[in-house]
Amino acid sequence: MEQAEFWQFVDECRAVAGADTERLAQVILRRLCSLSIPEILDYEEWWFCAQDELCTWAVRDAASLLLGGLSEDDDFLTVQDWIVSHGRTTVERVLDNPDRIVDLAADRHNARMDWFCGLPVDAHIAVDGCPPAMYHRPGPVDPVGVPADLSDEHATRRRFPEITAYLDANGWVAPSPDPGR
């Protein structure tokens, strides 16, 4: 599976599932189970590559602002998965301008749900009868770039005007007093 095939796979699964992110995970798993073991492993590697691209302080800060804080690295990995699950166009848009994560606000309740990380392992077990060999995949240890001071309201409003406008317009969305790192 090449990168373009990976993104086509994700986009097609998203088209089938529509806005239902939980259903998307089921669709992906079902489709992964129809692939060969090398294709499943390729899929997993491309997913990790997309996740790695999103490992920036700008994306983490935008997600923290929209979602009310990310206190642990695992939270951020789950958010990265959530962004990847929306497809190549969304990933590129968020990488180009992290403030565009606000486009996913309607699905924000799924941002911290761990729907995607175990899917390749589950598919591998379904196809091969056993899990894949365990290995340590090196990925970024820390996000790339410099973290923003989200406690500086004026700077945050300048850096993330779309997200702050969304939060202002939706009083029921309580921003975290401490966005965490």
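The values are calculated or read from the model by the stated rules, or taken from the named source; none is laboratory data. Just so it is clear, the structure is predicted and the values come from calculations on it, not from any experiment. Methodologically, a virtual Cβ is constructed for each residue, glycine included, from the backbone with ideal geometry; neighbour enumeration extends over all protein chains shown. In case anyone asks, the SASA skips ligands and DNA or RNA and just uses the protein heavy atoms, side chains included. Shrake-Rupley method; radii C 1.70, N 1.55, O 1.52, S 1.80 Å.
Observations
- Near residue 144, the amide H atoms lying under 5 Å from its own belong to 56, 57; only residues 5 or more places off or on other chains count, and H is placed 1.01 Å from N.
- Radius, Kirkwood style, for region 82-129 when every pair of distinct Cα atoms is counted (Å): 12.3 Å
- Largest first, the residues 46, 7 sort by 1.4 Å accessible area into 46, 7.
- FRET efficiency estimate (nearest 0.05) - Cβ-Cβ, residue 97 to residue 117, R0 22 angstrom: 0.25
- Straightening the chain between residue 169 and residue 71 buys 32.8 nm, computed as 0.36 nm per residue apart minus the Cα-Cα spacing.
- Percentage, to the nearest whole number, of Cα pairs in the chain over 28 Å apart: 25 percent
- Amide H contacts under 5 Å for residue 68: 176, restricted to partners 5 or more places along the chain or on a different chain, H placed in the peptide plane at 1.01 Å from N.
- 222 nm mean residue ellipticity, helices alone, for the chain (DSSP H n ≥ 4; -39,500 (n - 2.57); rounded to 500): -17000 deg cm²/dmol
- Segment residue 48..residue 141, full-extension length gain: 32.1 nm, with 0.36 nm per residue of separation and the alpha-carbon distance subtracted.
- For region 1-134, the solvent-accessible area works out to 44 Å² per residue, with a probe of 1.4 Å and every protein chain left in place.
- For the chain, a crude dipole built from +1 on the beta carbon of Lys and Arg and -1 on the beta carbon of Asp and Glu, taken about the Cα centre, is about 340 debye to the nearest 20.
- Within the accessible area of the chain, the carbon and sulfur atoms contribute 54%, probe 1.4 Å, all protein chains present.
- Net charge in the neighbourhood of residue 85 (other residues with Cβ under 12 Å of its Cβ; Lys, Arg +1, Asp, Glu -1) is -3.
- Calculated FRET efficiency for the pair residue 157/residue 36, C-beta based, R₀ 45 Å, to 0.05: 0.35
- For region 3-11, the Karplus equation 6.51 cos²θ - 1.76 cosθ + 1.60, evaluated at θ = phi - 60°, returns couplings of 4, 4, 5, 4, 5, 4, 4, 5, 5 Hz by residue, with Gly and Pro reported as x.
- Extension gain, residue 23 to residue 127: 0.36 nm times the residue separation minus the Cα-Cα distance gives 35.4 nm.
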